[in-house]
Structure formats: structure tokens, C-alpha cells
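These notes are about the structure you will find just below.
Please treat every number below as a calculation from the coordinates, not as lab data. Values in this document were obtained by computation on a predicted structure and should not be read as measured data. Virtual Cβ from ideal backbone geometry, glycine too; neighbours counted across all protein chains shown.
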Amino acid sequence: MAHYITEECITCGACAAECPVDAIYEGDGKYEIDPEKCIDCGACEAVCPTGAIKAE
């Protein structure tokens, strides 16, 4: 199961910098996670300052 980013995203980029497989990219108004690339490690969730990243 991949993680996903909610509307609470403030586009700070902390999650993208932390992702070991480059699954996170800047989308329309918030960052997005490519579920095909996500390895479900949770590194992004741990660094998100707003708690916008959730596990499916």
C-alpha cells in the first residue's frame, strides 16, 4: 500500500527530499506520491510538518 498526500500539504518539499525512490513530485497545488514507485517506507510521513501524508 502506498502513502498519499492530503490537502493539508503546504508544498514545503520536505517529503520529496526524504523519499529514497523519488516517488514524490510537485503536483497541482500540492505534492503527489506515485503509488507505482512508493515502497511504503514511511520516511515522508515522518518529516511532514503538517501531517498531510497518510498511509492508505
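Things to note:
- Segment K30..T6, full-extension length gain: 7.8 nm, with 0.36 nm per residue of separation and the alpha-carbon distance subtracted.
- Estimated purely from DSSP H runs of n ≥ 4, each contributing -39500 (n - 2.57), the mean residue ellipticity at 222 nm for the chain is -3500 deg cm²/dmol once divided by its residues.
- Taking every C-alpha pair closer than 8 Å and separated by at least 6 residues, the mean separation divided by the residue count of the chain gives a relative contact order of 50 percent.
- When +1 charges are put on Lys and Arg Cβ atoms and -1 charges on Asp and Glu Cβ atoms, the dipole computed for the chain relative to its Cα centre reaches about 140 debye.
- Sequentially through the stretch 8-13, phi angles give Karplus couplings (6.51, -1.76, 1.60; θ = phi - 60°) of 6, 4, 9, 6, 7, x Hz, Gly and Pro residues having no value and appearing as x.
- For the chain, the list of Cys residues with no other Cys C-beta under 4.7 Å reads C9, C12, C19, C38, C41, C48.
- Peptides 28-39, 12-23, ordered by how many other C-beta atoms sit within 10 Å of their residues on average, highest first, read 12-23, 28-39.
- Radius, Kirkwood style, for the chain when every pair of distinct Cα atoms is counted (Å): 10.7 Å
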